[in-house]
There are 2 protein chains.
Amino acid sequence: MGYTELDQLAVNTIRVLAVDATTKANSGHPGAPMGLAPAAHVLFNKFMNFNPKNPKWLNRDRFVLSNGHGCMLQYALLHLFGYALSMDDLKSFRQIDSITPGHPESHDTPGIEVTTGPLGQGFSNAVGLAMAQAHTAAIFNKSGYDLINNYTYCIFGDGCAMEGIASEAASTAGHLQLGNLICIYDDNHISIDGDTKIAFTEDVLKRFEAYGWHTLWVQDGDHDLQGIEEAIQKAKDIKDRPSVIKVTTTIGFGSKLQGTGGVHGNPLKTDDAQNVKKSFGFDPDKSFVVPQEVYDLYGKHSSEGAAKEAEWNALLGKYAAEHKAEYDDLIRRQSGKLPEGWEKNLPTYKPTDPAVASRKLSEAVLEKIHNAIPELLSGSADLTGSNNTRWKNAVDFQPPVLNIGDWSGRYIRYGVREHAMGAIMNGLAAYGTVIPAGGTFLNFVSYAAGAVRLSALSRVRVIHVATHDSIGLGEDGPTHQPIETLTHFRALPNCMVWRPADGNETSAAYYSALTAQHTPTIMALTRQNLPHLQHSTVEDALKGGYVAEEAKNADITIVSTGSEVGICIEAAAYLKKNHNVTARVVSMPCWEVFDAQPQNYRLQVFPDGIPCLSVEVLSPMGWERYSHEQFGMNRFGASGPYKEVYKKFGFTPEGISERAITTINIYKGENVRSRVNHEPRAKPEN
Amino acid sequence: MGYTELDQLAVNTIRVLAVDATTKANSGHPGAPMGLAPAAHVLFNKFMNFNPKNPKWLNRDRFVLSNGHGCMLQYALLHLFGYALSMDDLKSFRQIDSITPGHPESHDTPGIEVTTGPLGQGFSNAVGLAMAQAHTAAIFNKSGYDLINNYTYCIFGDGCAMEGIASEAASTAGHLQLGNLICIYDDNHISIDGDTKIAFTEDVLKRFEAYGWHTLWVQDGDHDLQGIEEAIQKAKDIKDRPSVIKVTTTIGFGSKLQGTGGVHGNPLKTDDAQNVKKSFGFDPDKSFVVPQEVYDLYGKHSSEGAAKEAEWNALLGKYAAEHKAEYDDLIRRQSGKLPEGWEKNLPTYKPTDPAVASRKLSEAVLEKIHNAIPELLSGSADLTGSNNTRWKNAVDFQPPVLNIGDWSGRYIRYGVREHAMGAIMNGLAAYGTVIPAGGTFLNFVSYAAGAVRLSALSRVRVIHVATHDSIGLGEDGPTHQPIETLTHFRALPNCMVWRPADGNETSAAYYSALTAQHTPTIMALTRQNLPHLQHSTVEDALKGGYVAEEAKNADITIVSTGSEVGICIEAAAYLKKNHNVTARVVSMPCWEVFDAQPQNYRLQVFPDGIPCLSVEVLSPMGWERYSHEQFGMNRFGASGPYKEVYKKFGFTPEGISERAITTINIYKGENVRSRVNHEPRAKPEN
Ligand SMILES: [Ca+2]
Ligand SMILES: [Ca+2]
């Protein structure tokens, strides 16, 4: 639509800001912003609806920079369009405590939707954002109220295109026919190692066609603003498929090193930077300069965005009058708070209730709460019958045309795509109106480690329903039996790992996971049946650890989690009967929650004076924090019926008793100090 | 050619054995073996060269069952062809300590090339096996000696096809034009959740075409033995591309539940099993029956295989005479032993040598040893210049037609495909003639967690060169700064994590990694420069932990790794000067190696009587095993110049000193017991 010199000036302003910021930081990636400036200019200025004064406007178009290392592109745009990101913030690029870190972080910076940088994640988040839009629209839009109709735009590069997680997500998006998703592939033939011809020679568009995507190609992405606009418009017009637009660009456009790997991850040399500025009509001796007419151009678009939001708010006002319940629900969902009284639906259990696998206890929770929490979207990576993640009358989230579900469906069939599931859930959560829960075997949450880490870093409420949580899965054997997995995720900051021992603890796990607005949860659940503990309560379990079997003048504390707590309680009885040894048993379903309890409570649970033995059929690593001796798995498991596997490794009342006696003997006559009895001083400052 | 009733009988024998074994185990997956029996029969009996009496014959064709849950297919074949896998072994399917575990494990079972089950891994291993073949052939084949010319065959299912790791590996194989790789895609339209139409509707063959593969389709994989044979033959005839043959099959063929998810992961009901046997002409009341003519048919093929090996051995004998050096090298490589004296090439350093980043120290090692260890194949997931994994005169491993390397090249460009890199390295190592080392940032080894786990489980020598190992990478920020990563891999059994502090320790790390024939290693290396320690030696470092700075009458032990050891030594000086506190400093580059030292040595390093503070800029989890107080990162890092990041979190001589004094005060007046002073009793029996 009649691109002028002003458009070109805007494009070049973005390029020069990327040069200046990386130069000042002496670090960062100028190449991608310089190559992508034309596409980003057209996308942001011609297509995207947003209001920089309210970056959280629900119906805004979402933008994801999956090649997050190119974030100076995004920071420049946010600044120029008038988000709360100042010129000083650009000058603090990649500096401590700035809001312009080396890769974009959603919790740091207004206008950043999701945290990207680890390649492939952003692309997959975008699929999640688009799914959330489709679902939210299906739930809330009414005749005359096209309330939720935003698009999700994503830019990704060769690196993202090579990552398996993006392949998984692209296949998913193709299956789901997400017409609201438009991705721009920055085809610049360069990755860090140089020309992509050394490792990446596939036909990317053909691959996306195979997934069911609509594909387009803009051959001169450096100059053809009109072509970029036409492609995006065509992509918007295609409603029944996601679109990918290959935009062939020159990395580091304008630099002497343009089109080479040299401009990917290093600031330009001084003379090159000056040269770039000169050739773009900027003063080579000045930095961080924005022509007023560029501010004005973008300011105009932002004003239009603000007006659109105002219009939308008016529509929402009418909606509130006509559809009160839906309106209230939509507002509440955005607050992150759950419906009042939802927790009354959590099942509780008596010791006399029959033994049940915790994966089934989890299913019972979902069955009871899914009506009360309409924003809960469950799903599984092709293990529905094993994860027990689907409530009985669930409808699948599917494109209606397939006749096997619809967009309002709350059960997602992720396919055998654990990593994409993790990242799609991050995108779903980031949209702001749904809470995703997804199932796989605990061992295969490791496939999604990259995404789980970003759940934690970007502080989203995502629930991993991780069943088959140990050697207790039995016959599938060592390839499927996690050993290191809980240690891994317990070591991850801002991630809760729950391993409930029975029904009440499972309900507590869900309470904790669902009310943790800014923390993801991994719920480790058994395949095998577990008895309900004599003294468990939801309330006690919500302290993360509690005394499951108290005993006066005890000789030892035995601490355990999940499926081993019941066996430890049996061991305590065995010790009393056979050895006249008194053991107390602590159940500790969630370390992170326990660690947050007051010190006096923690010392009640782990008192001074007697040693503590920890028992868990997983890596013992980390248990040294609570116990003096550790009984765990320092090797891989075995394939066989689970009771025999437990026996093989000694996780029986007898085996545990033996180790308890050894523990007592080691510390006999010593003034034993509780492992939790130390000042929590030697920690880093936050 | 000319398939008879005997062929059909053999096919049905495989099917019935799969039914019997899963029935007896009351567990397992009959569906895939029943559907795949025709394709497997043709592949094994018409094409594959192997000698069951010597499953390790170097030039055997390799077979990988990527959908490892269908392993009864493979176990049945191994039994029928005469491998050391008896009928009793089949009867012990999925039982404790059998050689027929729930998923195939290479170290358990003769004839199993790689450990599979976690989906997508086997497919990627197959790519590695094919790469190793191409490389080994390029190195050892001579005019008149086509010594190494085996094929790699792989069967994979819908689950593998959905996994991102397989997409990465397929793209890699297409780029590399691996004509020696033939994959059979079991297109049965069923995965665990049921019909693949609910989540997986892409055009798989078109996707593989996009990767550059040759594609074929056998439409009636249940009956068309001739068609299967023709397809495999065509695939063999195409030499410049890998081939994928889509074989459309009926899962659980013969069962009443055939073609449904019901037959995927559960044994058949009794009447159904009887029915299957009846319809295949077997006695419904008998189990584990093999008609003698089937044994004879397969025995004939095995004899031909044995004859082929004999012929090959004769050729090898001539080769030994004509190409003595190459012959010796080939034999030595297969033994797993390194060339004598190779370790003399490891660089050593004096304290006065200039400070260097350990990623550069690693590069120096590779530069010095690559000539001495010709089987070492380095590479990187598109971070060559950052990982410093490439020696100066390295040749890329590439198809010669691209003119950017050749098959003899020893540097692999993995692309941005960390997970596939991990699994390809497992395949490379499994071939038996090469040692793979691959680089990425430590944080992104997590993307490969599924593959690293299988390196450890299947006991292969694989080296992960994991640079940028902490907040010390600086500006890239929290998305790239590992926190939980070392804890994760330290908790993984049979995996060595090395985090060297200086040059001598880096040499030790390589010595340890390269001589650990059955253990993978993750080498955590810095981006930032490190001083060489005053007292480090390769010999001391090879104990995993040692006293880097001893002090008499010390008040405290400070233990650390990698980049923090030097800072801790500065802290000790600071403590002496400013607080008259005496600290001794322990460097502990590898826990796994240290834990294997005698108890008296470990107590020398961590003596009773004084408390210990651990310092590492990563999750402190696990350090409780050695230290009384832990100074680490309980949160994510920050984007900024690395010295400022270290300062922000207190990892400075002052900050460490402060925590050392706190530690001393906590334990003042106590009879402090060393954390390593306990009987290593409370462990599971192996
Ligand atoms: Ca690129
Ligand atoms: Ca299938």
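Below, the figures for the structure above:
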{"read-out": "Cross-link reach list, aspartates and glutamates versus residue B:300, counting only Cα pairs under 20 Å and skipping chain neighbours closer than eight places", "value": "B:5, B:7, B:61, B:229, B:309, B:311"}
{"read-out": "Estimated Rh, region B:221-376: Kirkwood, alpha-carbon pairs, angstrom", "value": "22.8"}
{"read-out": "Near-label residues of region B:210-224 by backbone N, under 15 Å of a point 7 Å along Cα→Cβ of residue B:240", "value": "B:212-215"}
{"read-out": "Alpha-carbon centroid distance for the pair region B:239-302 / region A:80-123, whole angstrom", "value": "57"}
{"read-out": "C-alpha center-to-center spacing [region A:610-662, region B:322-347] in angstrom", "value": "43"}
{"read-out": "Apportionment of accessible area to carbon and sulfur, the protein assembly as shown, percent (1.4 Å)", "value": "49"}
{"read-out": "At R0 = 56 Å, FRET efficiency that the Cβ-Cβ distance of residue B:668 and residue A:324 yields, to 0.05", "value": "0.30"}
{"read-out": "For region A:488-647, the Rg and Dmax computed from alpha carbons only, in angstrom", "value": "15.2, 48"}
{"read-out": "Per-residue ³J(HN,Hα) for region B:629-636, Karplus 6.51 cos²θ - 1.76 cosθ + 1.60, θ = phi - 60°, Hz, x for Gly and Pro", "value": "10, 10, 10, x, 9, 9, 8, 6"}
{"read-out": "Shielding of B:584-593 by partner chains, average beta-carbon count, 10 Å", "value": "0"}
{"read-out": "Whole-number D in µm²/s for region B:496-558 (Stokes-Einstein; Kirkwood sum over Cα pairs; 37 °C, 0.692 mPa s)", "value": "256"}
{"read-out": "Using alpha-carbon coordinates, inclination of helix B:503-515 to the longest axis of chain B, degrees", "value": "20"}
{"read-out": "Sequence-separation-based contact order of region B:535-686, relative, with Cα cut under 8 Å and 6+ spacing, percent", "value": "26"}
{"read-out": "Two-site label geometry, residue A:371 and residue B:87: point separation in nm, points 7 Å out along Cα→Cβ", "value": "5.8"}
{"read-out": "At 7 Å out from Cα toward Cβ: residue B:317 inter-copy label distances (nm, ascending)", "value": "9.8"}
{"read-out": "Inter-chain Cβ neighbour average for residues A:480-490, partner chain, 10 Å", "value": "6"}
{"read-out": "Surface/4 of the Cα convex hull for region B:550-643, nm²", "value": "6.9"}
{"read-out": "Descending Cα extents along the principal axes, region A:3-156, whole Å", "value": "53, 36, 26"}
{"read-out": "Rounded to 10°, Cα long-axis angle of helix A:292-322 versus longest principal axis of chain A", "value": "50"}
{"read-out": "Under 19 Å between alpha carbons - lysine pairs in region A:538-677 that sit 8 or more apart or on different chains", "value": "4"}
{"read-out": "Expected 222 nm ellipticity per residue - DSSP helices of 4 or more, -39500 (n - 2.57), all of the protein assembly as shown, to 500", "value": "-12500 deg cm²/dmol"}
{"read-out": "Exceeding the 24 Å Cα-Cα cut-off - candidates B:53/B:142; B:46/B:236; A:350/B:269; B:24/B:278", "value": "B:53/B:142; A:350/B:269"}
{"read-out": "Highest average packing first - A:657-664, B:644-651, Cβ atoms within 10 Å", "value": "A:657-664, B:644-651"}
{"read-out": "Protection proxy ranking of A:126-138, B:55-67 - average other beta-carbon atoms within 10 Å, highest first", "value": "A:126-138, B:55-67"}
{"read-out": "For residue A:218, distant residues with modelled amide H under 5 Å away", "value": "A:246, A:247, A:248"}
{"read-out": "Alpha-carbon centroid distance for the pair region A:1-62 / region A:376-420, whole angstrom", "value": "37"}
{"read-out": "Average beta carbon contacts from partner chains per residue of A:166-178, 10 Å cutoff", "value": "4"}
{"read-out": "Inter-site label distance for residue A:5 and residue B:195 at 7 Å from Cα along Cβ, in nm", "value": "6.2"}
{"read-out": "For the protein assembly as shown, projected area of the alpha-carbon convex hull averaged over all directions, nm²", "value": "49.3"}
{"read-out": "Normalised contact order of chain A, rounded percent, pairs of Cα under 8 Å and 6 or more residues apart", "value": "11"}
{"read-out": "Chain B, rotation onto A, residue closest to that axis via Cβ, with its distance in Å", "value": "B:164, 1"}
{"read-out": "q = 0.11, 0.14, 0.15 Å⁻¹, region A:342-530: log10 I(q)/I(0) [Debye, one scatterer per Cα]", "value": "-0.43, -0.71, -0.83"}
{"read-out": "Value of D in µm² per second that Stokes-Einstein yields for region B:584-686, Kirkwood Rh from Cα pairs, at 4 °C (1.567 mPa s)", "value": "85"}
{"read-out": "With 10 Å bins from 0: P(r) over chain A, alpha-carbon pairs, percent", "value": "3, 15, 23, 22, 17, 12, 6, 2, 0, 0"}
{"read-out": "Solvent-accessible area buried by pairing A with B, both sides, nearest 100 square angstrom, 1.4 angstrom probe", "value": "10400"}
{"read-out": "Packing-based ranking, highest mean first, of A:11-19, B:192-200 given that Cβ atoms within 10 Å are counted", "value": "A:11-19, B:192-200"}
{"read-out": "Tail beyond 18 Å, pair distance distribution of region B:266-323 (Cα, percent)", "value": "60"}
{"read-out": "Value in Å of the Kirkwood radius, where region A:5-305 supplies the Cα pairs that are averaged", "value": "19.1"}
{"read-out": "Computed E for residue B:599/residue A:539 - FRET, C-beta separation, R0 30 angstrom, nearest 0.05", "value": "0.10"}
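The values are calculated or read from the model by the stated rules, or taken from the named source; none is laboratory data. In this text the structure is predicted, and so the values were computed from the model without any measurement. All Cβ positions, glycine included, derive from the backbone under ideal geometry; neighbour counts span all protein chains shown. These accessible areas exclude ligands, DNA and RNA; they are computed on the full protein's heavy atoms, side chains included. Shrake-Rupley method; radii C 1.70, N 1.55, O 1.52, S 1.80 Å.
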